[in-house]
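Quick notes on the structure that follows.
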Amino acid sequence: MFNDIGALEIVALVVLAVLIFGPDKLPKVIQDISRTIRKIREFSDSAKADIREELGPEFKDFEFEDLNPKKFIRKQLDNDELGLKEIRNGFDLKKEMNEVADAVHGRDSDSSDASSGAAATTSAGARVDMRKNSAEPKKLDSGDRPPFDADAT
């Protein structure tokens, strides 16, 4: 609850409390506050117990902490009824990213060929030169697609 309060802030709060309530009344104020917090916790626990009792036996493993959206989604994804673990284990992100990089750079996914580094294969099988040339751009024939510039997107 107070994870981000440092020692200096606690000292400042204590000094402020002594100045506001005075050293004579401060112990009684602390007792009243702790008693109120204890009553609120007891009320909360009894309300949780009443809700669990009213829900019935089919919700015996229900936890109120599961209502947190992050925990709820994590619990549902860890549930093996959907078969998501098999999908997650069968998906190799590094391999997929290498295949995408090879496709962008025009290399075959089986062998990374350095000589074909700047050319890519189109769907028709023709090779497109994707190198940036400082010289004058090439004229395209009718029906040719312009080269893809990865830096322009």
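Listed by position, the helices (runs of 4 or more DSSP H) contained in segment 27-127 that have at least 3 residues being within 30 Å of Asp151 (Cα to Cα), modelled with pLDDT of 75 or more and open to solvent by less than 80 Å² (accessible area, probe 1.4 Å) are 93-105. Residues of segment 1-12 that are open to solvent by 100 Å² or more (accessible area, probe 1.4 Å) and either touching a residue at least 24 places away in the same chain (Cβ under 8 Å) or not charged (D, E, K, R) (or both): Met1, Phe2, Asn3, Leu8.
The values are calculated or read from the model by the stated rules, or taken from the named source; none is laboratory data. Only a predicted model underlies this, so the values are computations on that prediction, with no experimental measurement involved. Quick reminder, even Gly has a Cβ in these numbers, built from the backbone with ideal geometry, and neighbours come from all protein chains shown. For accessibility, only protein heavy atoms count, side chains too; no ligands or nucleic acids. Shrake-Rupley method; radii C 1.70, N 1.55, O 1.52, S 1.80 Å.
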